[in-house]
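Every number in this text was worked out from the coordinates using simple rules, so none of it is lab data. Values in this document were obtained by computation on a predicted structure and should not be read as measured data. Here the Cβ positions follow ideal geometry from the backbone for every residue, glycine too, while neighbour counts run over all protein chains shown.
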Amino acid sequence: MNWPMRFGVFLAPFNPVGQNPTVALEKDLELVEWMDRWGFDEAWIGEHHSGGYEIIASPEVFIAVASQRTRHIRLGTGVASLPYHNPYLLTERMVLLDHLTRGRAMLGVGPGQLTSDAAMLGIDPNNQRRMMAESLDAIMALLRGDAPVSMKTDWFELVDARLHLRPYSHPRFEMAVAASISPSGPSAAGKHGLGLLSIAAWSPSGFDVLGDHWEIVEEQAALHGQTADRRTWRMMGPMHLARTEAEARKNAEHGFLRIFDYLGHIVPLPALEASSYDELIDKFNAAGGGVVGTPEMAVECIGKLVEQSRGGFGGYLLMGGELANRQATLESYQLFAEEVMPHFQGQVAPLQASHDWVREAPSATPGMTRWLDATTTAIRRAIDEYKEEREARTTTP
């Protein structure tokens, strides 16, 4: 990889039942503010309508509020479930957000993760990926704006539709498609030349298909005259960091089991079987895309993902669930910003090289470096010169 990596959060979010939902939403907003303060690049906000944990029903509304509390961080839908929306109205809302955020809005799309959401809307889960593809075709045509869009499916119709407000970003805001295990996400991303959000990179099955997924992106991009850019590929994984691995493991007892028990009821991924909490963390850390441990372990983990990707990717997103209590979670994000991100942004190597150069430059004087020797010599010379000047003044009649 010869480009700096971006870092952020994929904020579903995971707010366990039993707590005040208003407070939980405020904590989610505060987390985005915290990340903005510590130099994270982006936050992707989820859309869900059942289950009790993932309580943001409209990522666009959340993004609008978060944009007024932050200055730099980019804010995306992570993801807008396309079968649940008329594609024209969703596109109009995103164009408005693009203007209100001065280009910080991004559109992440997917078929909808929770089949319980689809069931309440009368949508057959077997149709969700087909519906996503149809909606995305319409959205891209609207954003191109080269002609009015007329399109009829069994669930929406557009008649000479056109956007009356063009995006603030040129030619449009950034877009990405979510992918877990199936090829539908990579296929849609490649067809339209969009980014890819690999949200299951932390699981063994998701980790194993990473390279294959990007091959699908490139294959579909070539078939449709698009360009596949690895810098638009993000991967997501759970991480909790502390100064020692033992401390991180202790902290994660707060929420790790609770969150992964919830995920086990909604995501069709193989469970990590273990006879104890420590064994479970061992298996989780070995799986490839996430870590409960130290910043050094996080650097190694992301390095494994780079290798597994067969060529590199553009961004890593932390899974936005509180594996630890609030204070330990915020400290984990700060540690990640201070000690993990710079390794993949081209910032560590030149600093280390300069440090080593200063410390290790040889000197003719035993026990000194070249620069310490030069400084000592300069100080002695200044002292000697002052003494000479003083003596000259006292001996002059």
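Quick notes on this one:
- Computed FRET value (nearest 0.05) for W371 with E30, which takes r as the C-beta separation and R₀ as 35 Å: 0.20
- Annotation: peptides 187-196, 116-125, 293-302, ranked by per-residue average of other Cβ atoms within 10 Å with the highest first, follow the order 187-196, 293-302, 116-125.
- In the stretch 193-255, the trypsin sites (Lys or Arg not before Pro) that fall in loop regions by DSSP, at most 14 other Cβ within 10 Å: R243
- Net charge of Cβ neighbours under 14 Å - reference R381; Lys, Arg +1; Asp, Glu -1: -3
- Among M175, T376, G108 - extreme Cα towards positive end, dipole of the chain, charges at beta-carbon: T376
- Listed by chain and number, the lysines whose alpha-carbon sits under 29 Å from that of K250, ignoring those within fewer than 8 places in the same chain, are K27, K283, K304.
- D_trans [Stokes-Einstein, Kirkwood Rh over alpha-carbon pairs] for the chain, 25 °C, 0.890 mPa s, µm² s⁻¹: 106
- Rounded to the nearest 20, the size of the Cβ-charge dipole of the stretch 102-163 about its Cα centre is 360 debye, with Lys and Arg at +1 and Asp and Glu at -1.
- Charge dipole (the stretch 6-351, unit charges on Cβ, about Cα centre) - positive-most of V267, Q347, G225: G225
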